[in-house]
Amino acid sequence: MKKKVVLVMVLILLGSFIFAEGQQAQNNIPPFDPDKEYTISIGGYGGLQSIILALSFTEDFEAKYSNIHIELDLIDEYAHHDRLIKALEKGEATNDIEVLGVEYISKILEFDGLTDLGTSPFWGQKAGKGIIKVAMDNATTREGRLIAMPLNIDPVVIFYRKSIADQAGVDFDKIKTWDEFIEGCQKLQEVGGGDFLLPKPDDLVLATLNYGVGVWFNRKGRALMPRDKFLSRLNLASYMKPRGIDGQYSIYSNHWLRAVYNGNVPVIVSGSNMRGYLEAFSLDGFVDWRMASLPENSYSFHQATYLAIPSNVPEDKKAAAWELIKYFTTTEAGQLTFYKFSGKFPVLQSVYDDPSINRTLSFYGDQNQDRILVDTVKHIPRTTISPYDYEASAVFIKALEDVMNQNATPEKAYDKALKDIQALAD
């Protein structure tokens, strides 16, 4: 009995020592010094430059961080992530802050190259307590490491041409099921609403599943749960394909965007960022777009942007990098400025009652779309990010193709996908 007690005490002391060592490593990071000059580089893509500049010129930012000088390293999205993944894999130099698209996080999990923002001195979970849970989930590993902080999210909704929907007698605000949605799309097609109404069936299905991010495994590591949810998506593909309302084009492909531009696509299931395209295309007279929620409470997101600090960033820069990340992601000033200049929806819940996120938009018939987007992001189910998300998505897409090509029933396709996806993690 005494030996057992001694052994337990040794293990406790050893665990405490290991924990303390880990904490000491993080505590080597010097605290942020408001009197010291810092230069922080940010690697990213897209229109980040104008947004960062606009934010850095505000009185609030200048008052807090006039001692931080920002350098931007911007290239296109694919090249940026390709560079970053290779740098993390090889342990090469990176920027002090790196922008991550949520769809790349699962690939980056393969490399232990990002600072855990959930530990001292950052305590990211506490700093991000006001951020919607699903956005924090997407950057939290199953082991509890917080590898990035969310900047924005792109909730998935329905866009439709109101004039054509009215002509067909379809009210998308009252559609409750996917069956009703498909039937409504057929009615729009019957009144000459376009050559096709939706992209490929698998694009529509993935739009209801966060485009494959964090949905394949639950918190216990079990794949494709709950069963009814994934089986319903396979059923959706099975009865959508024979009705001839898809165009066999990937969403955002050149062919598909040209069809939207030409007015041949009166219904779109996509992230809210689609508004940028619709407004640009309005020059040709298509100005009657409206927004509605997805049927069957299929709350989902398309894209999301994250900010991370690579592990190899010098210790004396990490505190200043964290100050910037906190400002961009957890303050109302930072979140509202990003929304104003990018149109990408904020993740900080306290800004959802701000007047700037409670607008009626004349382009969309004075519809208050922000209320639809707020309702969507608040109801997106929690996720479990996995390094196998990319491979699992490929398996489920194959299951969708088997169903659409009538090579398998939805039930058999589900059973095979379940076996193959579970095998990835076992």
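The values are calculated or read from the model by the stated rules, or taken from the named source; none is laboratory data. Nothing here was measured: the structure is a model prediction, and the numbers come from that model. Methodologically, a virtual Cβ is constructed for each residue, glycine included, from the backbone with ideal geometry; neighbour enumeration extends over all protein chains shown.
Taking residue 229 and the conditions (1) surrounded by 15 or more Cβ atoms within 10 Å (Cβ to Cβ); (2) in contact with a helix residue (DSSP H, G or I) (Cβ under 7 Å, 6 or more places away or on another chain), which numbered condition does it fall short on, given that it satisfies the others? Unmet for residue 229, out of (1) surrounded by 15 or more Cβ atoms within 10 Å (Cβ to Cβ); (2) in contact with a helix residue (DSSP H, G or I) (Cβ under 7 Å, 6 or more places away or on another chain): (2). Tell me, which residue of the stretch 312-325 that is crowded, with 19+ Cβ neighbours inside 10 Å and touching a helix residue (DSSP H, G or I) at 6+ places or on another chain (Cβ under 8 Å) is farthest from residue 136 (Cα to Cα)? Among them, the one singled out is 313. Just so you know, in the stretch 186-201 the residues that are assigned to a helix (DSSP H, G or I) and touching a Phe, Trp or Tyr at 6+ places or on another chain (Cβ under 9 Å) include one that is surrounded by the most Cβ atoms within 10 Å (Cβ to Cβ), and it is 188.
Conditions tested, residue by residue: (1) in the same structural domain as residue 333 (by TED's automatic domain parsing); (2) modelled with pLDDT of 95 or more; (3) under 25 Å from the mean Cα position of the chain (by Cα); (4) more than 17 Å from residue 327 (Cα to Cα).
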{"residue": "9", "(1), (2), (3), (4)": "no, no, no, yes"}
{"residue": "12", "(1), (2), (3), (4)": "no, no, no, yes"}
{"residue": "36", "(1), (2), (3), (4)": "yes, yes, no, yes"}
{"residue": "47", "(1), (2), (3), (4)": "yes, no, yes, yes"}
{"residue": "69", "(1), (2), (3), (4)": "yes, yes, no, no"}
{"residue": "84", "(1), (2), (3), (4)": "yes, yes, yes, yes"}
{"residue": "90", "(1), (2), (3), (4)": "yes, no, no, yes"}
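The set of residues from the stretch 136-187 being polar (S, T, N, Q), more than 26 Å from residue 332 (Cα to Cα) and either outside the structural domain of residue 206 (by TED's automatic domain parsing) or in contact with an Asp or Glu (Cβ under 7 Å, 6 or more places away or on another chain) (or both) comprises 141, 163, 177. Only one of the numbered conditions (1) touching a strand residue (DSSP E or B) at 6+ places or on another chain (Cβ under 9 Å); (2) in a loop (DSSP other than H, G, I, E, B); (3) of a type in the set (Val, Ile, Thr) is violated by residue 260, and that is (2).
Residue 157 satisfies every condition listed in (1) out of contact with any strand residue (DSSP E or B) (no Cβ under 9 Å at 6 or more places or on another chain); (2) closer than 25 Å to residue 338 by Cα; (3) β-branched (Val, Ile, Thr) except (1).
Determine whether residue 204 is more than 21 Å from the chain's Cα centre (by Cα), buried (at least 23 other Cβ atoms within 10 Å of the Cβ) and at pLDDT 90 or above. Walk me through it before giving the result.
Details: more than 21 Å from the chain's Cα centre (by Cα): no; buried (at least 23 other Cβ atoms within 10 Å of the Cβ): yes; at pLDDT 90 or above: yes.
So residue 204 fails the test.
Selection within the stretch 391-426: residues that are basic (Lys, Arg) and more than 16 Å from residue 218 (Cα to Cα). The member of this set that is farthest from the chain's Cα centre (by Cα) is 412.
Residues that are in a helix (DSSP H, G or I) and assigned by TED's automatic domain parsing to the domain that holds residue 381 occur in the stretch 212-223; there is at least one. Restricting the stretch 234-250 to residues that are of a type outside the set (Gly, Ala, Ser) and in a loop (DSSP other than H, G, I, E, B) leaves a set whose member that is surrounded by the fewest Cβ atoms within 10 Å (Cβ to Cβ) is 248. Taking the numbered list (1) at pLDDT 95 or above; (2) assigned to a loop (DSSP other than H, G, I, E, B) in turn, residue 112 passes all entries but (1).
Note on the stretch 59-86: residues that are out of contact with any Leu (no Cβ under 9 Å at 6 or more places or on another chain), among the β-branched types (Val, Ile, Thr) and closer than 21 Å to residue 47 by Cβ total 1. Please verify whether the stretch 156-169 includes one or more residues that are out of contact with any Lys or Arg (no Cβ under 9 Å at 6 or more places or on another chain) and assigned to a loop (DSSP other than H, G, I, E, B). No; the residues of the stretch 156-169 include none that is out of contact with any Lys or Arg (no Cβ under 9 Å at 6 or more places or on another chain) and assigned to a loop (DSSP other than H, G, I, E, B).
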